[in-house]
């Protein structure tokens, strides 16, 4: 949530009672970062913040958020017809913590990035996400090599059917709403061309759950094949 102050009074008071667990980032009239306050719900009663800031950005608390390197903020255009909506190498804000990232310059300030999805392929993957991709490929290979697995049409069995399997679609289906897509990017230079976007994880618990789910499913498939041989 972004709050911008328009009055001429020097100080502003924000009533933050019941707002937990969040960090309140404060910025001056030039949108430069001036400080941060935490609202973690550790105290009883009301809680308010008095400050001279002209803008406040309220984000879910994340202990890994790099406050020390934060300098300011800017508002990205929400015009879907803007010719710069797929600007090469442009900064973008993490949809989870608000950290500024730049895929073109490979400068990242938050820990929610899992990978870059470029022309349908996953790149720059984090270790756990890379294991998930490896597991989906290994399970898909088992299905392609064993027709008996195609008889089951429920749950993950239907997802990995050779007739319908698509790795990218499977990954998005496994994560559901916890896998967020960043701003679309496009490159068309003498060095490279293509389009894609950064992928962000909303809840790291879901990452662990998906990884465990695939590990267990691979074991289940291997045990089933051993029983049938």
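Rundown of residues vs (1) on the phi < 0 side of the Ramachandran plot; (2) out of contact with any helix residue (DSSP H, G or I) (no Cβ under 6 Å at 6 or more places or on another chain); (3) exposed (fewer than 14 other Cβ atoms within 10 Å of the Cβ), yes/no style:
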position	(1), (2), (3)
127	yes, yes, yes
133	yes, yes, no
139	yes, no, no
157	yes, yes, no
160	yes, no, no
164	yes, yes, yes
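Screening the range 121-229 for helices (runs of 4 or more DSSP H) wholly inside it with 1 or more residues that are out of contact with any strand residue (DSSP E or B) (no Cβ under 6 Å at 6 or more places or on another chain) and modelled with pLDDT of 90 or more returns the ranges 127-145, 167-175, 204-228.
For the range 62-80, the criterion of a residue being modelled with pLDDT of 75 or more and closer than 28 Å to residue 205 by Cα is satisfied by no position. Do you know which of the residues in the range 35-61 that are in a strand (DSSP E or B), more than 25 Å from the chain's Cα centre (by Cα) and buried (at least 16 other Cβ atoms within 10 Å of the Cβ) is modelled with the lowest pLDDT? Only one residue tops the list, namely 49.
Count of the range 1-30 residues, restricted to those that are surrounded by fewer than 16 Cβ atoms within 10 Å (Cβ to Cβ) and under 29 Å from the mean Cα position of the chain (by Cα), is 10.
Only one of the numbered conditions (1) under 24 Å from residue 99 (Cβ atoms); (2) modelled with pLDDT under 80 is not met by residue 18, and that is (1).
The values are calculated or read from the model by the stated rules, or taken from the named source; none is laboratory data. The model shown is predicted, which means the values in this text are computed figures rather than measured ones. Glycine gets a Cβ as well: all are built from the backbone with ideal geometry, and neighbour counts include every protein chain shown.
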